[in-house]
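The values are calculated or read from the model by the stated rules, or taken from the named source; none is laboratory data. All of these numbers come straight from a predicted model, not from anything done at the bench. Here Cβ is always computed from backbone atoms with ideal geometry, including for glycine, and neighbour counts include all displayed protein chains. With ligands, DNA and RNA removed, areas are computed over all heavy atoms of the protein, side chains included. Shrake-Rupley method; radii C 1.70, N 1.55, O 1.52, S 1.80 Å.
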Amino acid sequence: GCNQTTRYVVSVLPKPATGTLNYYVKQNGTGDGSSWENAMSDTAFAYAFGRVEEGATFHLAAGNYFPYCDSCYINPYLDGDMICRRFYSNKLVNLVGGYPEDATGAAVADTSNHTIFCTRVKEGSAEYNTIRLLYIEPANPGDMKISGVDFMPIQQFRGMSADNCALRVNAQAKGVTLTLNQCRFSGTGQAISTNSCAVRMEVCEFGNSMVG
């Protein structure tokens, strides 16, 4: 016979609190997201994004945000989907970026503070395109809002389709409305793709990006 070693990696992340509708996120956070002083980390946010209650809002400090994936580029919270490294939710969730990196107390969001959702995943010296970086499939009708978030750099994917984009909203119910406020999309690929969802844009910027 031969000797074989199996290695297991266990990640312990905070569970979103039932009934909580506001979460606070910093890249170097160590808490449960209940306040700026107790902000959750960017990795915990990637986990919590799909597990909060309907209507929850994430307040995001400035910084670069990447989908969570392990050393094999698999997001363990998406049933081992290697291709779709992404932030995913099937609920109406709100995002407010632009808070200072060291936000405290009554911090105010401002677009001069860049909250960037990165469409390139880095692992060591290697880089990988992220398909459907932010993918939301609301199961119920209602409103959601994304404000003060930058999506960059958006890449042109080979075999372009509606799903190959920075922001994809694939509503599972009629009556979903997404408001984008002061968001920036920069790159050469597709910025937004929607299905059964109305979109309102307020002072958004598109740099060499397509909207479908």
request  = Taking the residues in the range 165-189 that are open to solvent by less than 20 Å² (accessible area, probe 1.4 Å) and touching a Phe, Trp or Tyr at 6+ places or on another chain (Cβ under 9 Å) as candidates, determine which candidate is modelled with the highest pLDDT.
outcome  = Cys183
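Specify the residue that is modelled with the lowest pLDDT; the eligible residues are those in the range 191-212 that are over 21 Å from Ser147 (Cβ atoms) and assigned to a strand (DSSP E or B).
Going through the range 191-212, the residues over 21 Å from Ser147 (Cβ atoms) turn out to be 195-196, 208, 210, 212.
Cutting the leftovers down to assigned to a strand (DSSP E or B) gives us 195, 210.
Numbers: Asn195: 91, Met210: 61.
Residue satisfying both the conditions and the ranking: Met210.
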message = When you check Tyr128 against the structure, is it at pLDDT below 95, under 18 Å from the mean Cα position of the chain (by Cα) and open to solvent by 50 Å² or more (accessible area, probe 1.4 Å), yes or no?
response = yes
request  = Give the residues of the range 28-55 that are under 11 Å from Ser89 (Cβ atoms), open to solvent by less than 10 Å² (accessible area, probe 1.4 Å) and part of a loop (DSSP other than H, G, I, E, B), sorted by residue number.
outcome  = Phe49, Val52
remark   = Reported set for the range 56-74 where residues are open to solvent by 20 Å² or more (accessible area, probe 1.4 Å), in a loop (DSSP other than H, G, I, E, B) and modelled with pLDDT of 50 or more is Phe66, Tyr68, Cys69
request  = Determine which member of the set Val149, Val108 is within 19 Å of Gly63 (Cα to Cα), open to solvent by 10 Å² or more (accessible area, probe 1.4 Å) and modelled with pLDDT of 90 or more.
outcome  = Val108
